[in-house]
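*Asks:* Pasting in a structure now, in structure tokens, and then I'll have a few things to ask.
Derivation of every value follows stated rules applied to the coordinates shown; laboratory data play no part. As the structure is a prediction and not an experimental result, all values here were calculated from the model. A quick note on method: Cβ atoms are made from the backbone with ideal geometry, for glycine too, and the neighbour counts reach across all protein chains shown.
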Amino acid sequence: MKMKRDVEIDIDNNTRLRTLLKIDVSEKYVAWLNDYEIMKYTEQNYFEHFFSNVCDFVEQKYNSENDLLFGIFSDDKHIGNIKLGPISWEHKSAEVSYFIGDKNYWGRGIATKCVKSIIDYGTKVLHLEKFNSGYYELNLGSEKVLKKCGFCVEGVRVSNVVFEGKRINSILVGFIPKLS
Ligand SMILES: CC(C)(COP(=O)(O)OP(=O)(O)OC[C@H]1O[C@@H](n2cnc3c(N)ncnc32)[C@H](O)[C@@H]1OP(=O)(O)O)[C@@H](O)C(=O)NCCC(=O)NCCS
């Protein structure tokens, strides 16, 4: 399936998703990826990010047939990302991942609205039927976001990741819009 690459989705009056472009990569965005407080519950935390790597990542996702990487823009500012992908066209399923990098925008319901919107787009436009995501068990914010969007726990990868010197579980969740 040929995917439309340049996509814009309105979330509310001042927030929208737009396919991320190389020109959107800023020092601010790179700094989010290197910020322990922001990334501590994600795999980004385990390596250092540089401007050029981030540009390569964004370009690679832009050219991918199996990923849609969106920037989250609020008040016309880039505040975070949300990704639908990898998409499995055979199984009509996709992974969903996200972060709000600008801490001023935490706790305003933005991640919840963005996940709901991306699922709506994936279902209606891309005809996907299953959405998968996951979080470290200590990530209460992400747990709430995914629950509010209808995701159910499908599995626990016991003692799967090292967090601050301790082994903790990672939680696997899924959502099937047709069953909701
Ligand atoms: C986790 C994260 C995505 C939440 O985004 P957000 O836009 O602040 O989330 P929302 O405002 O939609 O919050 C949804 C619910 O979670 C709660 N919540 C948000 N962050 C929380 C936290 N750190 N601890 C406990 N609850 C939290 C909110 O209060 C809200 O609850 P309510 O509906 O009962 O009021 C955001 O903090 C973030 O990007 N963190 C860093 C990166 C990350 O962890 N990404 C996800 C990896 S799986």
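*Asks:* Please state, rounded to one decimal and in Å, the Kirkwood hydrodynamic radius that the chain gives when every pair of distinct Cα atoms enters the mean of 1/r.
*Replies:* Roughly 16.8 Å, rounded to one decimal.
*Asks:* Ignoring chymotrypsin sites (Phe, Trp or Tyr not before Pro) that are buried or in helix or strand per DSSP, and keeping those with at most 12 other beta carbon atoms within 10 Å, what is the longest stretch of the chain between them?
*Replies:* For chymotrypsin sites (Phe, Trp or Tyr not before Pro) (loop position, at most 12 other Cβ atoms within 10 Å), the longest site-free span of the chain is 51-180.
*Asks:* Also, quick follow-up: How far apart, in nanometres, would the label points at V162 and W106 be if each is projected 7 angstrom from Cα along the Cα-to-Cβ direction?
*Replies:* Going by the 7 Å Cα→Cβ label model, 2.5 nm.
*Asks:* A follow-up question, please. Can you pull out the GluC sites (Glu not before Pro) in the range 1-95 that DSSP calls coil and that have at most 10 other Cβ atoms within 10 Å?
*Replies:* Listed in order of number, the matching sites are E48, E90.
*Asks:* If exposed trypsin sites (Lys or Arg not before Pro) are those in a DSSP loop with at most 11 other Cβ within 10 Å, what is the longest stretch of the chain that has none?
*Replies:* Formally, the longest exposed-site-free interval is 5-180.
*Asks:* While we're here: Is the C-alpha gyration tensor of the range 6-90 telling us rounded, prolate or oblate? Criteria: a/c under 1.5 is rounded; beyond that, a/b larger than b/c is prolate, otherwise oblate.
*Replies:* Oblate, because a/c is 1.5 or more while a/b does not exceed b/c.
*Asks:* Pull out a ≥ b ≥ c, the square roots of the eigenvalues of the alpha-carbon gyration tensor of the range 79-180, then state rounded if a/c is under 1.5, prolate if not and a/b is larger than b/c, and oblate in the remaining case.
*Replies:* oblate
*Asks:* Next question, about the same structure. Spin-label point model (7 Å from Cα, Cβ direction): what's the L179 to K4 distance in nm?
*Replies:* The answer from the label model is 3.0 nm.
*Asks:* Related question: Count the lysine pairs in the range 8-129 whose Cα atoms lie under 20 Å apart, taking only pairs 8 or more positions apart in sequence or on different chains.
*Replies:* Taking the Cα cut-off of 20 Å, the pair count is 24.
*Asks:* Where q = 0.24 Å⁻¹, what log10 of I(q)/I(0) comes from the Debye formula for the range 42-138, counting one point per Cα?
*Replies:* Values returned for q = 0.24 Å⁻¹ are -1.44.
*Asks:* Give me the extension gain from N53 to L172: residue separation times 0.36 nm, minus the current Cα-Cα distance, reported in nm with one decimal.
*Replies:* 40.1 nm
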